[in-house]
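*Asks:* Before anything else, here's the structure in question.
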Amino acid sequence: MFSKRTRIKDLLQSDNVNFQATVMGWVRTFRNNQFIALNDGSTNNNLQIVIALGSLEEQLLKRITTGACIKASGEIIASLGKGQKIELNASEVEILGDSDAEKFPLQPKKHSLEFLREIAHLRFRTNTFGAVFRIRHSLAFAIHSFFNKKGFVYLHTPIITASDAEGAGEMFKVTTFPLDGTAPTNDDGSINFKEDFFGRSTNLTVSGQLEGELAAMAFSDIYTFGPTFRAENSNTTRHLAEFWMIEPEMAFYDLEDNMNLAEEFIKYIIRYAMDNNKEDLDFLTQRLEEEEKQKPQNERSEMSLLQKLEFVVNNNFERITYTEAIEILKESSHNKKKKFQYIIDKWGIDLQSEHERYLVEKHFKKPVILTNYPKEIKAFYMRQNDDGKTVAAMDILAPGIGEIVGGSQREERLDKLTQRMEEMHIPTDELDWYLDTRRFGACPHAGFGLGFERIVQFVTGMGNIRDVIPFPRYPKSASF
Ligand code: ATP
Ligand code: MN
């Protein structure tokens, strides 16, 4: 059988020697016509393959180049050299796929992340991206495992939606109409979507929450984990046009239950990665330390990546209200010295990421949960507090990233909900199906959305969100 091979990770983990093995993978380097560093993606570590001088034909040796795919068989022996416990003493080498060394874009040297983004189809074959995407996998697995243990139902909400009422972000349109100006129109010249594929105007989803709430009103606890799309023209290190979101929605939860779940959830998945991706996290920690050395002393972070993760799983998140946050920010010397781009002068303004990061990184030095925001800057479905001014919202802010979670207790009172929708000019007839949950057996409920790439960024320490999703989509970029 062709695929009878041993994974390099399994070989490196075992203490056995003196047995025959076959490995397959991609050549990272080939030194002195003798030593191949082979990687098969199962681990960041390479297996050293030793070729006895004169044992292979010159013609074959020439084809062992960086990037080539090979199959090697031989005896696993205790390594004579430094840097590895074992190596494979090759008796047979077969080239599965040649790689022209002159043309292969990944040379065995340090490449910038920007350059690697341009060759995203090949960047999986670097140590950094190998580590990032193995961790991404682990976090995804941990998310399902967390909710499964708690009895949540995994709900697949639609990707094509007709509701554009949520206002979470600009939407991408979905249509089969031609774009050359020949689409059917109404008398007033507007596009006649009644003749379009779905008989109405449709978009790519910005959030599965509204549909999630419907299911929570039957299963009690559900979560979604799927792609979401926002045509926001923001060229930041934290925004993508296509990203993955996890949205749990729970019946019989108030704001505090919601915060408790979110905090437990984040700690669980970070802990899972720490337990299961130790090598990759060690590698990324080291990588970050080297990156930090380029910065001036006072800009370097006090903790290493691993220390930061350890700290987050072992300490309570700070919980404060929006009003308290505004006071802290207003009184901060940063604000008084006008170091913020947006000066904090009054209650009611939306916080910018510079403010969020100040609270988390400078003031509290730990993750912060901000609650009870002014209703004017939050969505219509958030539960109105008795003060008439604020809603039962909560955002979780993480060091280095800013907002990673946005959530709230939902407004379950039909009259309050419809009143708020009218105030915000949200058509109630289009969302009649949503309002039905408030008509038939409503209950207190809550939920939140965690941006998957933001938590992957946090755990891997990667500075740019474009480097934690395999093929990032952002303004002017949809390659691969
Ligand atoms: P931000 O203020 O950072 O733009 P938001 O308030 O628009 O976030 P929500 O609508 O509450 O965010 O979405 C829930 C979560 O989804 C956010 O907390 C964040 O983790 C993530 N998220 C939002 N927009 C993006 C995006 N464009 N790219 C990646 N993740 C995102
Ligand atoms: Mn946004």
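Read the figures in this text as sums done on the coordinates, not as results from a lab. Computed from a prediction, not measured in an experiment: that's the story for all the values here. Note that each Cβ is placed from the backbone with ideal geometry, even for glycine, and that neighbours are counted across all protein chains shown.
*Asks:* Work out the FRET efficiency for ASN233 and LYS330 from their Cβ-Cβ distance, taking R0 = 30 Å, and round it to the nearest 0.05. Could the numbers behind the result be given before it?
*Replies:* Values: r = 30 Å, r/R0 = 1.02.
Here the calculated transfer efficiency is 0.50.
*Asks:* By a straight-distance test (C-alpha under 17 Å), which aspartates and glutamates pair with LYS150 as possible cross-link partners, with residues fewer than eight away in the same chain excluded?
*Replies:* Filter leaves ASP221, GLU247, GLU249, ASP257, GLU263, GLU264.
*Asks:* Nothing charged except the Cβ atoms of Lys and Arg (+1) and of Asp and Glu (-1): what's the magnitude of the dipole of the range 158-285 about its Cα centre? Round to the nearest 20 debye.
*Replies:* 300 debye
*Asks:* Order these peptides, 210-223, 299-312, by their mean beta-carbon neighbour count within 10 angstrom, highest first.
*Replies:* Details: 210-223: 20.4, 299-312: 15.3.
Most protected by this proxy first, the peptides run 210-223, 299-312.
*Asks:* Oh, and also: What do you get for Rg/Rh over the range 1-75 if you use C-alpha atoms and the Kirkwood form of Rh? Provide the component values of the computation, followed by the final result.
*Replies:* Values: Rg = 12.1 Å, Rh = 12.8 Å.
Reported Rg/Rh (Cα atoms, Kirkwood Rh): 0.95.
*Asks:* Among 193-205, 6-18, what's the highest-first ranking by average C-beta atoms within 10 angstrom per residue?
*Replies:* 193-205, 6-18
*Asks:* Going down the list LYS330/LYS366; LYS149/LYS375; LYS109/LYS267; LYS278/LYS308; LYS194/LYS375, which pairs span over 26 Å between their C-alpha atoms?
*Replies:* LYS149/LYS375; LYS109/LYS267; LYS194/LYS375, as the Cα separations exceed 26 Å there.
*Asks:* How big is the range 376-480 by the Kirkwood estimate over distinct Cα pairs, in Å?
*Replies:* About 16.3 Å for the range 376-480.
*Asks:* May I ask you to list the trypsin sites (Lys or Arg not before Pro) in the range 91-164 that are in a DSSP loop and have at most 16 other Cβ atoms within 10 Å of their Cβ?
*Replies:* Hits after loop and neighbour filter: LYS103, LYS109, LYS110, LYS150.
*Asks:* Now, a different point. Per the Cauchy relation, a quarter of the hull surface: what is the mean projected area of the convex hull of the alpha carbons in the chain, in nm²?
*Replies:* Orientation-averaged projected area of the Cα hull: 29.4 nm².
*Asks:* Please list, in order along the range 453-462, the HN-Hα scalar couplings obtained from phi with the Karplus expression 6.51 cos²θ - 1.76 cosθ + 1.60 (θ = phi - 60°), rounded to whole Hz, x for Gly and Pro.
*Replies:* 5, 5, 6, 5, 4, 4, 6, 8, x, 6
*Asks:* Toward the positive end of the charge dipole of the range 26-81, about the Cα centre and with charges on Cβ (Lys, Arg +1; Asp, Glu -1), which of THR66, ASN46, GLY81 goes farthest?
*Replies:* It is THR66.
*Asks:* Turning to a different aspect of this structure: Rounded to the nearest 20 debye, what is the charge dipole size of the chain about its Cα centre when +1 sits on each Lys and Arg Cβ and -1 on each Asp and Glu Cβ?
*Replies:* It works out to roughly 1800 debye.
*Asks:* DSSP beta bridges in the chain, what fraction antiparallel, as a percent rounded to 5?
*Replies:* 90 percent
*Asks:* Please give, to one decimal in nm, the separation of the simple spin-label points placed at ALA218 and GLU422, each 7 Å out from Cα toward the Cβ.
*Replies:* 3.1 nm
*Asks:* Taking LYS338 as the anchor, which aspartates and glutamates have their alpha carbon closer than 15 Å to its alpha carbon, excluding any fewer than eight residues away along the same chain?
*Replies:* In chain and number order, the partners are GLU354.
*Asks:* Kindly rank 366-372, 434-440 from highest to lowest mean number of other beta carbons found within 10 Å of each residue.
*Replies:* Values: 366-372: 22.0, 434-440: 15.4.
Descending mean neighbour count gives 366-372, 434-440.
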